[in-house]
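Bear in mind that the values in this text are calculations on the coordinates, not laboratory data. Quantities reported herein were computed from a predicted structural model and do not represent experimental measurements. So basically every Cβ, Gly included, is an ideal-geometry build from the backbone, and we count neighbours across all protein chains shown.
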Amino acid sequence: MRIEKRPHVSILWLVSAPLLASLAALILSAALIIWAGQSPLRAYQELVLAALGSRGGLAETLSYATPLIFTGLAAAIAFRAKFWNIGGEGQLYIGACAATALGTGILTAPPVILIPLLFIAGALAGGILLVIPVILKTALRVDEVVTTLLLNFIVLLVVSFLIEGPWRDPMALGWPQAAPIIDEGVLPKLLDRTRLHIGFLVAVGCAVISWFVMQRTVWGFEIRAVGLAATAAAFAGMRVTRVVVIAALISGAMAGMAGVSEVAGLKGYMTLDLSPGFGYTGIAVAMLAGLHLLAVVPAAIFLSAVYVGADSMSRTLDIPTYLADVLVALSVLAILVCTVFARYRLRFS
Amino acid sequence: MDLFDIMLSAGFWAATVRIASPLIFATLGELICERAGVLNLGIEGIMTIGAMTGWLWVYQGGDLWGGIIFAACVGMVCGLLHSMVVVYLGASQHVTGIAMTLLASSFGYYVYKMLFPRATTPPKITPFEPWAVPFLSDIPLIGVAFFQQTPLTYLAFALVPVVWWFFYRTPLGLAVRAAGENPSAVEAQGLNVLRLRTGAVMVGSAFMAVGGAFMTMSAFDAFYFGMINGRGWICIALVIFASWHPGKALLGALLFAGFDALQVRFQQTAGAFIPYQFFLMSPYILSIIAMVFMARRARYPKALLIPYYRGQRV
Amino acid sequence: MTKSPNQPFRSQSSSPLSHESKGTPPSGGVPLLVAEGICKTFGEHRANDDISLRLAAGEILCLLGENGAGKTTLMNILFGHYVADAGTITVAGQPLPPGSTQAALRAGIGMVHQHFTLAGGLTVLENVVLGTQSLWSLRDVRANARVRLQTLMNDVGLRVDLDALVDTLPVGQRQRVEILKVLYRQARVLILDEPTAILSPQECDGLFTTLRALAARGLAVILISHKLEDVMRISDRIAVLRDGRLVGEVAAAKAKRDDLVRMMIGRSLTQVSKGTSEGNDQDTGEPVLVLRKVSVRKGRDRLCDVSVSVRQGEILGIAGISGNGQSLLADVIYGLVRPDQGEVRLYGEAISSTQQVIDAGVGRICEDRLGTGMIAGMSVAENAASTRRRIPPFARWGWYIDNRAVRARAQDYQQQFDVRCRHIGQPIAELSGGNIQKLILARELADQPRFILAHQPSRGLDAGAIAFVHECLIQARKQGAGILLMSEDLDELLALSDQVAVIFEGTLSAPLARDEATVSRLGLLMIGHADEIENEKIEKKSKRHAH
């Protein structure tokens, strides 16, 4: 058996790959549901209904999708340039830190000014955090996977120090948390009596803008070219190092904005459990979207529906919530396999 | 208590050796994978599921060594899955590894939650007992530090020369190294690159799983969520630090563990002035610094991260 | 298809020229290797069309043919990398199972690939013993192997440091390691794919001596080459392939150069050079590119004190054996590598970046088409715009890429240069080499640059595409462009260039005018014998003085 390149890659294959992959993941995970003594069909029905079947559920799904869109963009942009940024989690928290630093009373300004300011600050913080691995990578050839991963742990400990120490909210009882974002900085709600806030629109806007930049501008062209073939890009006159740095900064900025949106939109204050791994799930989102920046939005909504639905399903049917993580992991593996088969075919000899 | 006192205390050295043990297992495991040309970012998840399954085996009434073997087998299955996607299909090793970590750890957690849905305190097992090596354990300082450890620790240290011998003295080891250097060279000599790589990833993953099992069966006596806590990632840094050499991997693991043990002790004395988070942070920072110093000199296996398709030649 | 047993070498679909090789004596002795009716097609391309060969122990057979004639495919079938569509192979009377490298090795076939298959991070000894014993054995055979290899090396006169890392060895030594690998396995047939392409003439002599010694010991050798001189020097018998067919076989002793050429390319060499060589009736003008005492070192490659100037309306050829600094010289001119010393002036200005070189308007036809020239993974249209992405018509306001303009321009290119693709959105990597080169020519020559750097512009292309490339270059010269043409193909250089300089180990000779540049003189320069030429010149001068 050998594997060989298809002479032409059909668009149909590439488009149907994520759908096939999700289906495969659902089928594989069914075994776990059966083990829990439930009918997979009923469980999935429950999941879909909980996530999409009501106004509240849908709003919850979209609000959970908001940080995933940001981190998905972060992963997709970096991966496009072949920069393996696995540090979305750390960049998210540092973005949240920036929002907390500026949004808890140091500055007072009307929301029109303060909210964009918080996003800009978060984006800068996320981007700057990623500068460390970028420099280590481009100047010293230190593998960025390990540095970005380890920075996640370091940032989390910094956050822990901040909210137990200097930023601790004296008013809060029990768990350590930072002071709340002042009212002018809180993101307005999109729907009453839900948690959905305008962060979602910002995220979608970011997806559209970054897609436009990636597809229609010289900068995006250079990022794509460098990611596909660095030597050829250099030959075409691109400054490879600079392009990688720019892509990484944009990537970090996206993840940083996820943190702002969570702190200023959803939680209202900084805690240590601000993100249940949005940074890592962002990688799954990006892969499911095939690194296409507009497709990140539906991919994020899909995965968020899985998480939101699984959460509610686990309560009603008594299935551990970790099922959602298994589902996500399986769909990433399945999409990898499907993409390979879209580009290659097996030959039995 | 100053540095000098700490360095002279047997407890410090014993802790260093204990902390190093799981790192040695997992670092050797990652090293075996990478020597064959495959980055295995599933390490964190494989350690987690190894910790869970090894402990589970014993909790269900199996014996301790059976638990280790069971964990190793589970690790091998994970390795097989990883190499199916990465070696045979040639998918991105980075993304597959991250997905493997997510899959292995969440699957482990799922199983744990299924079996112990209402456990408020983690169920405990009787872990490996320290076993004092006759005569050697009576040597002052060194005896307590090195020769009153659990059998798993001895196993970890014994594996280092075994892995070295395997790579540098056996034909199979040679073939694995060649597969990570230039797969076409292996294929031209009539060997099967894909099988070599798959085998290496499976064995390496088994090592990682045993490293995880050390946590529940020797270091502690129960399974906690998030107990691996980035140790897998640190092992990847250690492999780079060790420049893909088993002996240096041991050195790296010991240095790292020594630093970890030291920071815990300093935390007790200096904790009043410096917040504990900075002590906890130091191992991660140390890993990054170590990589910065070693990255330039490191001799990467040349075919690392590069998929090999059979019959594909230049 | 059955064959008459008394005509084992003749393919039935032989070309009209094959009668010339009539009377070739079948090699003496029992045939060790017999290939019968080998066919292999890739897609629509017939790489091997009914090829039959036979080889005796102690014989050196050369497979001669142009690039793409099917030599390497045939050898890959012998060695089990490919499975033939039809045909059989027998070694010493035993049929060889198809498609198994292992079986080929076991049958005693050893192959030295054009691109070496050595693990760079392992020692020579490790590379040699790799795969020679059961993987599950626990015995360390290296002490044994060392002794055996020492005697082997003494016997055949191949010397290599067994404990050196392969990475640290020069190319010639690596080739010896490859040969040792084959000998260590006690092979009976040794296949060498283009072994002389990477060797200096001295190393070449050494290799040939070794091969003679090996043949004398009863080893059968197949040598693949497209270099006539090498082939005629070393082989007992020459088999010529063209377009996947065996077009003739001759005993080397009886072979005539012209006949071989005719068999190889289907017409005679004089015809070929006539097709392209036209006198340069245009006056050469301003210098467009000037290098003054450029020295640079990068990895193994280096340039020392390279000075050269290319004027408008001339083609300056640079000859040299591959790996003598051509790529580095190209990179310096592209602005990819900054020289340590000396200066590079393009149109009178110093080069600061690749983008500047592009913006100044330079036609860059690079050596590695898909790896460097084009961004594999992007579409035909995107590649058409990749170098001029910041300027109109491709970009507006310097940053917005106008896809409509990109597509329109790509379509122009496609029509003008007859680039065959399904549509301009097709990934460039799906196109054939010739079509990729056409797109590169279209892109690079579109704005009629005053300077063109053509590095191996016709390598690996079929005859039609080569003619097209040459036509483009000549056309550009007529319009006044200065062209620097680097090639390893002397015929191409002599057919196109007004002057030829030779690069050897990073040093560039003074250019010779075309009437001075003979194959023999260039050959001497290519192997670093500049002194002899100087002497020759002085002699001539003194003779003239005497007159």
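Can you tell me the Rg and the Dmax, both Å, for the Cα atoms in chain C?
Radius of gyration, then largest Cα-Cα span, for chain C: 25.4, 80 Å.
Once the dipole of the protein assembly as shown is set up with Lys and Arg at +1 and Asp and Glu at -1 on Cβ about the Cα centre, which of A:276, C:346, A:210 lies farthest towards its positive end?
So the residue we want is C:346.
Tell me, how many Å apart are the Cα centres for the stretch C:431-501 and for the stretch A:195-214?
Centre-to-centre distance over Cα atoms comes out at 49 Å.
With +1 on the Cβ of every Lys and Arg and -1 on the Cβ of every Asp and Glu, and nothing else charged, how large is the dipole of the protein assembly as shown about its Cα centre, in debye rounded to the nearest 20?
Rounded to the nearest 20 debye, it is 1460 debye.
Which cross-chain or sequence-distant (5 or more) residues have an amide H under 5 Å from the amide H of residue C:452, H modelled 1.01 Å from N in plane?
It is C:363, C:482, C:483, C:484, by chain and number.
Divide by every residue of chain B the summed helix terms, -39500 (n - 2.57) for each DSSP H run of at least 4, and state the resulting mean residue ellipticity at 222 nm, rounded to the nearest 500 deg cm²/dmol.
-22500 deg cm²/dmol
Report the longest stretch of chain A that contains none of the trypsin sites (Lys or Arg not before Pro) sitting in a DSSP loop with at most 14 other Cβ atoms within 10 Å.
That gives A:194-349 as the longest site-free run.
Residue farthest toward the positive end of the dipole of the stretch A:232-349, with Cβ of Lys/Arg at +1 and Asp/Glu at -1: which of A:240, A:333, A:308?
Value computed over the given set: A:240.
For the protein assembly as shown, give me the percentage of DSSP beta bridges that are antiparallel, rounded to the nearest 5 percent.
Of the beta bridges lying entirely in the protein assembly as shown, close to 60 percent run antiparallel.
Give the range of the longest stretch in chain C that excludes all chymotrypsin sites (Phe, Trp or Tyr not before Pro) found in loop regions by DSSP and having at most 13 other beta-carbon atoms within 10 Å.
Here the longest segment lacking exposed loop sites spans C:137-396.
Over the Cα atoms of the stretch A:224-349, what is the Rg over Rh ratio if Rh follows Kirkwood?
The Rg/Rh ratio comes out at 1.07.
Looking at B:157, B:170, B:183, which one has the Cα that reaches farthest to the positive end of the dipole of the stretch B:112-226 (charges on Cβ: Lys, Arg +1; Asp, Glu -1)?
Among B:157, B:170, B:183, the one farthest towards the positive end of the dipole of the stretch B:112-226 is B:183.
So what is the 222 nm mean residue ellipticity for chain A from helices alone, if each DSSP H run of at least 4 adds -39500 (n - 2.57) and you divide by all residues, rounding to the nearest 500 deg cm²/dmol?
-23500 deg cm²/dmol, from helical runs alone.
Let me check I have the definition right: for the stretch C:323-362, take the eigenvalues of the Cα gyration tensor, multiply each by 5, take square roots. What are those semi-axes in whole Å, largest first?
They are 17, 11, 8 Å, listed largest first.
To make sure I understand, if each residue's beta carbon is the centre and we count other beta carbons within 10 Å, what order do A:316, A:321, A:108 fall in, fewest to most?
A:108, A:316, A:321
Taking only Cα atoms and a 10 Å spring cutoff, compute GNM fluctuations for chain A and point out the largest among A:249, A:196, A:23.
Result for chain A, Cα springs under 10 Å: A:23 fluctuates most.
Report, to the nearest 10°, how far helix C:142-156 tilts away from the longest principal axis of the Cα atoms in chain C, using its own Cα long axis and a range of 0 to 90°.
Approximately 80 degrees, to the nearest ten.
Which trypsin sites (Lys or Arg not before Pro) in the stretch C:83-177 sit in a loop by DSSP (not H, G, I, E or B) and have at most 16 other Cβ atoms within 10 Å of their own Cβ?
C:139, C:159
Can you check what the net charge comes to around residue A:291, using other residues whose Cβ is under 15 Å from the Cβ of residue A:291 (Lys, Arg +1; Asp, Glu -1)?
Once positives and negatives cancel, what remains is +4.
With springs only between Cα atoms under 10 Å, which of A:205, A:90, A:103 fluctuates most in a Gaussian network model of chain A?
Most flexible of the set in this elastic network: A:205.
Mean Kyte-Doolittle of at least -0.5 and a Cα length of 27 Å or more along the axis: which whole DSSP H helices of chain B meet both?
Qualifying helices, which must be both long enough and hydrophobic enough, are B:10-35, B:64-83, B:93-115, B:193-214, B:246-270, B:276-295.
If you restrict to DSSP beta bridges whose two residues both lie in chain C, what percentage is antiparallel, to the nearest 5?
Within chain C, antiparallel bridges account for around 55 percent of the total.
Local charge sum around residue B:296 (other residues, Cβ-Cβ under 14 Å, Lys/Arg +1, Asp/Glu -1)?
+3
Please find the FRET efficiency linking residue A:212 to residue B:165, where r is the Cβ-Cβ separation and R0 is fixed at 60 Å, and quote it to the nearest 0.05.
0.55
Once you place label points 7 Å from the Cα toward the Cβ at residue C:141 and residue A:273, how far apart are they in nm?
In this crude label model, residue C:141 to residue A:273 measures out at 6.1 nm.
Using the Cα centre of the stretch C:424-532 as the reference point, and only Cβ charges (+1 on K/R, -1 on D/E), how large is the resulting charge dipole? Debye, rounded to the nearest 20.
The calculation lands at about 440 debye.
Which of the trypsin sites (Lys or Arg not before Pro) found in the stretch C:409-504 are in a DSSP loop and have at most 15 neighbouring Cβ atoms, other than their own, within 10 Å?
Answer in residue order: C:420, C:422.
Given the DSSP H assignment, sum -39500 (n - 2.57) over each helix run of at least 4 residues in chain C and divide by its residue total; what's the result at 222 nm in deg cm²/dmol, nearest 500?
-10000 deg cm²/dmol
Placing +1 at every Lys and Arg Cβ and -1 at every Asp and Glu Cβ, with all other atoms neutral, what dipole size does the stretch A:236-349 have around its Cα centre, in debye to the nearest 20?
With Lys and Arg at +1 and Asp and Glu at -1, about 680 debye.
Which whole-angstrom value gives the distance between the alpha carbon centres of the stretch A:56-101 and the stretch A:275-349?
15 Å
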